[in-house]
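Student: Quick one: this structure, given as structure tokens, is what I'll be asking you about.
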């Protein structure tokens, strides 16, 4: 109801309370359990209600973050030559990129690398593996030579202290000395951050948002404690903090994640008696949510991820090219990636509104719950002896592995949808087997392995593509339908979607009026797999005759049924190979089909 007293519209109606809405919903559910039917419980163990009202308003979590008008649009420059790197950087700036991240593995000339680049107006950052001190000294000398005001030097340095430890299991303690010297070198440049805490490996290894927040903050405390032991002042450390997090595909949860992270950061800083400081939060589209199959769908994923980040009030966004997972990004794919943030910020007005999600009862509730659960996990790790001990003891890895397996199971059961991966496969797509995952050959449980969520399904597709490359024949699936029109069409569509994940060739549905004709025709056809599609009523009456007739004529073909017939045991004895339905596991089901194909397919 509008609160304007001059507007009398609907004034004769009393506002409905949440309790009244609940009573109405309960009545409409006709005895069905409200919590089981309408409440969503995600992998952060947060119960998300179907609706929120002003009664649900929680205490607003202040994070000291405001508008996204100055959000940095980053692009990564990876090159083995400073001249080539400079060329790429100039192209990026021309295309609207406002931040550059140079990944440097060997010594480059800073003058050549940054030639003709206005470091007054472009955020310049570096990920360095060697000669960090000499490189930064040269960069600062260049800034002085160009008369860059100290407050205009924006960017960060990442010496890969945490990210390297998480993914290799080896902590390079000498990098603490490097960070100490970098803090001293850049003390007059308040907006150039030198203490990077990366948490991307958590989400990209399958962690949930609670874990990503907590473990990143645990690793921050570990770094802070080490640096303070070296005599560095807390204020200097906090003012040099730069965080690098990944963006997942759960739109509203990710918005809440960034807000909760900033809130908890200030809460932890207060425990160090630091109330005011300046940190930077840069985020990157996740590896976990991307796919090799139907790769253009990655553009849509990257767009929603960028939206979450902007609404979550981050400082900078790095959007990877849609083909980054299987190819060296082209100029075209890199430009499209950079355009996403620009369009959202300028044309969609995401950068024009201050804290646009404030006042959303839904997001504020999730933010509060996520912050509470992350704080609980953060304290648990600290009580167990701190981040380093828990990672060395593999507690963190084990907790992430549990969530990762749950996520993979949801994908395989198609309860978590990945377009082009486990649902709506692009059957027109041609893809080389070498681009697809070929199994994990490393068995170390100590390290975190950033990966795509789709790897297990990619392995299935690779098996198919290797078979095609070896034999020149792609297995053919035949959808045979009869009986009830509505159900046979629905189950044929389901089968097309389900079995399409395999990469097999699927023929258009063939409908028959006679069960015997359907069985005889499909048994004699040149297909390798036959899927029966009809209604449960038709299955009860006639499907046994179908299977028996089919098997008399063909004993080698794989014969499946769409649905869950009551007489499945009897059908199995008659020669049915299995069924596919809403409860079927894609990975298990298609893997079993592939094993049979290897035995029955004639070349």
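Student: What about residue 91, is it part of a helix (DSSP H, G or I) and crowded, with 18+ Cβ neighbours inside 10 Å? If you could, list the steps in order and put the result at the bottom.
Tutor: Numbers: part of a helix (DSSP H, G or I): yes; crowded, with 18+ Cβ neighbours inside 10 Å: no.
No.
Student: When residue 503 is evaluated against the numbered criteria (1) within 18 Å of residue 577 (Cβ to Cβ); (2) crowded, with 19+ Cβ neighbours inside 10 Å; (3) in contact with a helix residue (DSSP H, G or I) (Cβ under 6 Å, 6 or more places away or on another chain), which criterion, by number, is the only one it fails?
Tutor: Among (1) within 18 Å of residue 577 (Cβ to Cβ); (2) crowded, with 19+ Cβ neighbours inside 10 Å; (3) in contact with a helix residue (DSSP H, G or I) (Cβ under 6 Å, 6 or more places away or on another chain), the lone unmet condition for residue 503 is (1).
Student: Working only within segment 192-214, note down all residues that are touching a strand residue (DSSP E or B) at 6+ places or on another chain (Cβ under 8 Å) and under 26 Å from residue 133 (Cβ atoms). Steps first, answer last, please.
Tutor: Quick first cut of segment 192-214, residues touching a strand residue (DSSP E or B) at 6+ places or on another chain (Cβ under 8 Å) only: 192-200, 202-204, 212.
Across segment 192-214, the qualifying residues are 192, 193, 194, 195, 196, 197, 198, 199, 200.
Student: When you go through 123, 139, 189 one by one, which is the residue that is crowded, with 18+ Cβ neighbours inside 10 Å and out of contact with any strand residue (DSSP E or B) (no Cβ under 8 Å at 6 or more places or on another chain)? Give the steps one after another, and end with the answer.
Tutor: Numbers: 123 fails: out of contact with any strand residue (DSSP E or B) (no Cβ under 8 Å at 6 or more places or on another chain); 139 fails: out of contact with any strand residue (DSSP E or B) (no Cβ under 8 Å at 6 or more places or on another chain).
Result of the check over 123, 139, 189: 189.
Student: Same structure again: Select from segment 386-413 the residues that are in a loop (DSSP other than H, G, I, E, B) and at pLDDT 95 or above and write down the one among them that is nearest to residue 455 (Cα to Cα).
Tutor: Pass one, segment 386-413, residues in a loop (DSSP other than H, G, I, E, B): 386, 393-394, 413.
Still in the list and also at pLDDT 95 or above: 393-394, 413.
Details: 393: 27, 394: 23, 413: 15 Å.
Out of the qualifying residues, it is 413.
Student: Among the residues of segment 1-23, which ones are modelled with pLDDT of 85 or more and surrounded by fewer than 11 Cβ atoms within 10 Å (Cβ to Cβ)?
Tutor: Result: 19, single match.
Student: Let me ask you something else. Residue 254 versus (1) in contact with a helix residue (DSSP H, G or I) (Cβ under 9 Å, 6 or more places away or on another chain); (2) more than 22 Å from residue 136 (Cα to Cα); (3) surrounded by fewer than 24 Cβ atoms within 10 Å (Cβ to Cβ): which is the lone unmet condition?
Tutor: (3)
Student: Just to be sure I understand, how many residues within segment 551-576 are under 39 Å from the mean Cα position of the chain (by Cα) and surrounded by 15 or more Cβ atoms within 10 Å (Cβ to Cβ)?
Tutor: Total meeting the criteria: 10.
Student: Consider residue 407 carefully, then state whether it is outside the structural domain of residue 125 (by TED's automatic domain parsing), within 21 Å of the chain's Cα centre (by Cα), crowded, with 16+ Cβ neighbours inside 10 Å and touching a residue at least 24 places away in the same chain (Cβ under 8 Å).
Tutor: yes
Student: Here is a further query. Hey, any hits in segment 518-541 for a residue that's in contact with a strand residue (DSSP E or B) (Cβ under 6 Å, 6 or more places away or on another chain) and over 30 Å from residue 421 (Cα atoms)?
Tutor: The answer is yes; a qualifying residue exists.
Student: Here is a follow-up. With the condition kept exactly as written, say whether any residue in segment 194-215 is at pLDDT 95 or above, in contact with a helix residue (DSSP H, G or I) (Cβ under 9 Å, 6 or more places away or on another chain) and over 27 Å from residue 451 (Cβ atoms).
Tutor: Taking segment 194-215 and keeping what is at pLDDT 95 or above, we get 194-215.
Narrowing the set further to residues that are in contact with a helix residue (DSSP H, G or I) (Cβ under 9 Å, 6 or more places away or on another chain) leaves 194-203, 205-215.
Narrowing further to those that are over 27 Å from residue 451 (Cβ atoms): 194-195.
Yes, there is a match, as at least one residue in segment 194-215 is at pLDDT 95 or above, in contact with a helix residue (DSSP H, G or I) (Cβ under 9 Å, 6 or more places away or on another chain) and over 27 Å from residue 451 (Cβ atoms).
Student: Another question, then. What helices (runs of 4 or more DSSP H) completely inside segment 538-600 contain at least 1 residues that are in the same structural domain as residue 526 (by TED's automatic domain parsing) and farther than 30 Å from residue 469 by Cα? Lay out the reasoning, then the answer.
Tutor: Working: elements: 544-553, 568-574, 586-600.
Result: 544-553, 568-574.
Student: So, one more: With outside the structural domain of residue 346 (by TED's automatic domain parsing), modelled with pLDDT of 85 or more and surrounded by 11 or more Cβ atoms within 10 Å (Cβ to Cβ) as the only criterion, which of 29, 61 stands out?
Tutor: Details: 61 fails: modelled with pLDDT of 85 or more.
Within the list 29, 61, the selection yields 29.
Student: Something else about it: Just checking, which of 115, 70, 147 is assigned to a loop (DSSP other than H, G, I, E, B) and in contact with a helix residue (DSSP H, G or I) (Cβ under 6 Å, 6 or more places away or on another chain)?
Tutor: Details: 70 fails: in contact with a helix residue (DSSP H, G or I) (Cβ under 6 Å, 6 or more places away or on another chain); 147 fails: in contact with a helix residue (DSSP H, G or I) (Cβ under 6 Å, 6 or more places away or on another chain).
Answer to the check: 115.
Student: Just one of 294, 320 is at positive phi, assigned to a loop (DSSP other than H, G, I, E, B) and in contact with a strand residue (DSSP E or B) (Cβ under 8 Å, 6 or more places away or on another chain); which is it?
Tutor: Values: 320 fails: at positive phi.
Testing whether each residue is at positive phi, assigned to a loop (DSSP other than H, G, I, E, B) and in contact with a strand residue (DSSP E or B) (Cβ under 8 Å, 6 or more places away or on another chain) leaves just 294.
Student: From the list 257, 235, 267, which one is in contact (Cβ under 8 Å) with a residue 60 or more places away in the chain, in a helix (DSSP H, G or I) and more than 26 Å from the chain's Cα centre (by Cα)?
Tutor: Details: 257 fails: more than 26 Å from the chain's Cα centre (by Cα); 235 fails: in contact (Cβ under 8 Å) with a residue 60 or more places away in the chain.
Only one candidate qualifies: 267.
The values are calculated or read from the model by the stated rules, or taken from the named source; none is laboratory data. Because the structure is a prediction, the values reported are computed rather than measured. Ideal geometry is used to build each Cβ from the backbone, glycine not excepted, and the neighbour counts take in all protein chains shown.
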